[in-house]
1. From A103, A143, A131, A147, which residue is farther than 15 Å from G178 by Cα, touching a residue at least 60 places away in the same chain (Cβ under 8 Å) and surrounded by 20 or more Cβ atoms within 10 Å (Cβ to Cβ)?
Amino acid sequence: MPVRFLLLIAAFMFFVAFVQIGILTVAFDKLGLSAESAYLLFMTILIGSMINLPLFDMKAEADEGATRIMVNVGGCVVPVAFCIYLLKHHSFEPTALLGAVSAVTLLSWKVSRQLPGIGIGMPVFLAPVTAAAVSYLLDARQAAPLAYISGTLGVLIGSDLLHLKELKRMGAPFASIGGAGSFDGIFITGIVAALLA
């Protein structure tokens with residue numbers, strides 16, 4: 001019985017991984033990446049999700065210690081680098097780009113909440129749906145890359161950077177921007193937004 005149960009779990013995990021890779025392939029295809037490039041990017045994100053780079057220390061309000069602010073390579077650095085890549089390969093109207101990023105940033109800042117023991121969180125699909133809708137309205141022809149950029153940067157700025165001061169009150173020894181790696185809101189938002197656009 002335990003062996004059959006383990007096989008069932010393994011089959012389920014394989015199915016989930018297959019679906020995830022299929023979804024990611026579709027999303028990256030809409031962003032202009034080949035299957036090989038998409039796979040390489042995804043593997044970079046997976047490997048990078050195990051790496052946190054220290055940025056600076058903030059004095060914690062809860063005690064005499066400090067909170068070390070770090071950035072996760074897979075959950076933040078790689079998605080932002082991919083945003084830069086998309087910006088170099090697409091000609092967005094400055095007003096459309098600024099408008100889309102600002103809309104997702106404002107929404108993320110407003111709905112993000114402090115979650116004890118976890119960090120800063122927000123409803124998963126709110127930002128990507130907003131990024132996709134706003135991007136389609138502002139630039140339907142390039143909606144997918146604009147949605148990825150606005151979703152990624154909007155969540156990074158609105159949910160993480162603009163809430164850094166709140167981490168002082170949590171008293172945690174460290175906090176990582178994009179800390180959930182390939183499952184972080186920054187990465188997930190960008191991918192889902194591109195899929196929806």
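The values are calculated or read from the model by the stated rules, or taken from the named source; none is laboratory data. Everything numeric here is computed off the predicted structure, so don't read it as measured data. FYI the Cβ positions are ideal-geometry reconstructions off the backbone, even for glycines, and counts take in every protein chain you see.
1. A131
Here is a yes/no grid of residues against (1) among the polar types (S, T, N, Q); (2) outside any helix (DSSP H, G or I); (3) over 16 Å from L156 (Cα atoms); (4) modelled with pLDDT under 85:
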residue	(1), (2), (3), (4)
D29	no, no, yes, yes
D57	no, yes, yes, yes
A62	no, yes, yes, yes
T95	yes, no, yes, no
